[in-house]
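Take a look at the structure below.
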Amino acid sequence: MKINLPKASLPKTPTALPTMEIEFKPPNARIPGYIPMVIPPSDLEAPEGVETEATEEPQAPSLKIPVLDIQMPVPETAVVVTAVTTAVVAVATTTLTQSLFEPIKKKVQKQLQAKVNKWKEKRKKKKDSSES
């Protein structure tokens, strides 16, 4: 007994694969980077035989108080100018706003006091009428 199986006819494989043309540049990734910072250890010392340069630190200006024999440090000019400007603006603002708001404050205070007095009178009348 023979079985007849159908034969499949497959197409021939192409010898060269078709290529696709790309008209734009493919995206590229920019990888973040950094320049490493070299920090020397805290106990770093110069090797033997090496002379170090003597560097003088600039001294802050100071004022000598003759009676007490004390050297008082004088602040920098920028710090003094900033402090003086701030103080002048604060005083001017306070003075100006006080003169503007003082009359308003007095009027509001009078109105509030009048309402409180009326409320007290009404309360007193209610007490007197409930007692009799």
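Only the coordinates and a few stated rules stand behind these numbers; no lab work does. Here the structure is a predicted model, which is why all the values come from computation and not from measurement. We place every Cβ from the backbone using ideal geometry, glycine too, and count neighbours over all the protein chains shown.
Ordering Thr85, Ser129, Leu96 by the projection of their Cα atoms onto the charge dipole of the stretch 64-131, which places +1 on the Cβ of Lys and Arg and -1 on the Cβ of Asp and Glu, puts Ser129 at the extreme positive end. At a Cα cut-off below 25 Å, give the lysines reachable from Lys25, other chains included and same-chain residues fewer than 8 away excluded. Within the straight-line limit of under 25 Å, Lys25 reaches no lysines at all. For the stretch 1-64, the dipole from Cβ point charges (+1 on Lys and Arg, -1 on Asp and Glu) about the Cα centre works out to 1660 debye, to the nearest 20. Using only the alpha-carbon atoms, how far is helix 77-131 inclined from the longest principal axis of the chain? Give it as 0 to 90 degrees, nearest 10. Computed tilt is about 70 degrees. Net charge in the neighbourhood of Lys115 (other residues with Cβ under 12 Å of its Cβ; Lys, Arg +1, Asp, Glu -1) is +3.
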